[in-house]
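A short write-up of the structure that comes next.
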Amino acid sequence: MDIDEREDCRSRLEKVVKVVGEQLLSYTGDVEDMGDIMDHGHDISTVDEEARNTMACALEAEFPDRDLTLQFELHPYKIKSQMHPKEPLHFVIDEIDGTTNFKRWAASSRTYRPHAAVCIAAFSSMSLESLQVGVIFTLDEQEVHSGIRLTSEFGRFRAYRNGTPLVIPSSKQGDKTNRVLVIGYSSKVRIRKAEIEKAICNLTSGAGKEKRNYRVYEGCRSSTMDIVSIIRNQYDAYIDPRAVFGDETETRLETYDVAAVLPTAYGCNLLISDIYGRPLTEYNWDDPLPLLVARPEVYNQLCDTIVELSEKGGIIPDYKEWRHILEKDRKERQKK
């Protein structure tokens, strides 16, 4: 895709997520779980079905001139092949990131907006490195955040908010405390997560009047919205080590959870890698991601702290061990 095609794709996807998001906010149907039919540990509900059908229809209406491969949470849903001359687009979709938040809101008195988002990431092929465009619609503020790739070099994106170029301050503002989200919802790994949090809380940055302490927080059950909170200047970093803590029976961060928000984050000059400081281009589009997203002034200190913990052993695997675990995981997925 050239830059004009990416801009066109972004513009169309912004319309799609807004249509789906606004329809979800007016949803008045039943809220019932329908069991795990995704084959990778995620429940599906009546709300997911509504969002999925709305999304598929909106995409086909907005892209009548392209072959589309739709992957809802990596699950093949629909392939449209009409032999159009343009190269096909691969959309990795999380129709509601923060499903639990949305379902509880939909079943409540609705005196607030849910922390959830409608998410679409466009790839030119089925690889993470081919990420071209990402678009999200935040259900709490009804904002459209998007980003497009500028060059062949991965990581160079331009960010938008409601169609207008988005620029955030190069450094944190508002207070002098470094506030870090550390994600880990499973009860089985909370002790190990606490060790990471303890190490972060012992850190300080700067000196004298510029000295800053660190504080850690839990996420909001939507990885997309957690990263948006950094863009909104509410936090300074997001650390998600769940992928290295457990196997596929555990809840882990998947590519589809964050692919749509990554272009906006890159475009806002946030630093993004795995928790070992390695680029995301080392990962396949269906790999679990041990993710670190941070403002530049705290990134190196957080990354160094995690790597040091991994080299001590016992809390998280070191990078070599993690790659061994990942390769084993890939082979297991290929068998299915």
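What follows is calculated from the coordinates using simple rules that are stated; it is not laboratory data. Predicted model, so just to flag it, every value in this text is computed and none were measured. Here Cβ is always computed from backbone atoms with ideal geometry, including for glycine, and neighbour counts include all displayed protein chains.
The convex hull defined by the C-alpha atoms of the chain has an orientation-averaged projected area of 17.3 nm². With neighbours defined as other Cβ atoms within 10 Å of a residue's Cβ, the residues Ile191, Ile315, Ile120 order from fewest to most as Ile191, Ile315, Ile120.
Between Asn269 and Lys320, residue separation times 0.36 nm minus the direct Cα-Cα distance comes to 15.5 nm. In terms of other Cβ atoms within 10 Å, Ser229, Ser11, Ser152 run from fewest to most in the order Ser152, Ser11, Ser229. Compared with the direct C-alpha span, the chain from Arg232 to Asn162 gains 23.8 nm at full extension, assuming 0.36 nm per residue.
Remark on segment 3-165: hydrodynamic radius 16.3 angstrom, per the Kirkwood mean of 1/r across alpha carbon pairs.
Legend: ranking of residues Leu203, Leu302, Leu70 from fewest to most surrounding C-beta atoms inside 10 Å; resulting order Leu203, Leu70, Leu302. What is the diffusion coefficient of segment 178-335 in µm²/s, taking the Kirkwood radius over Cα pairs and the Stokes-Einstein relation at 25 °C with a viscosity of 0.890 mPa s? Diffusion coefficient, whole number: 155 µm²/s. Taking 0.36 nm per residue of separation and subtracting the current Cα-Cα distance, fully stretching the chain between Ser127 and Arg104 would add 4.9 nm. With respect to the chain, whose longest principal axis is taken over its alpha-carbon atoms, helix 3-25 is tilted by about 90°. Label zone of Ser171 (point 7 Å out along Cα→Cβ, amide N under 19 Å): in segment 269-311 this covers 269-271, 294-302.
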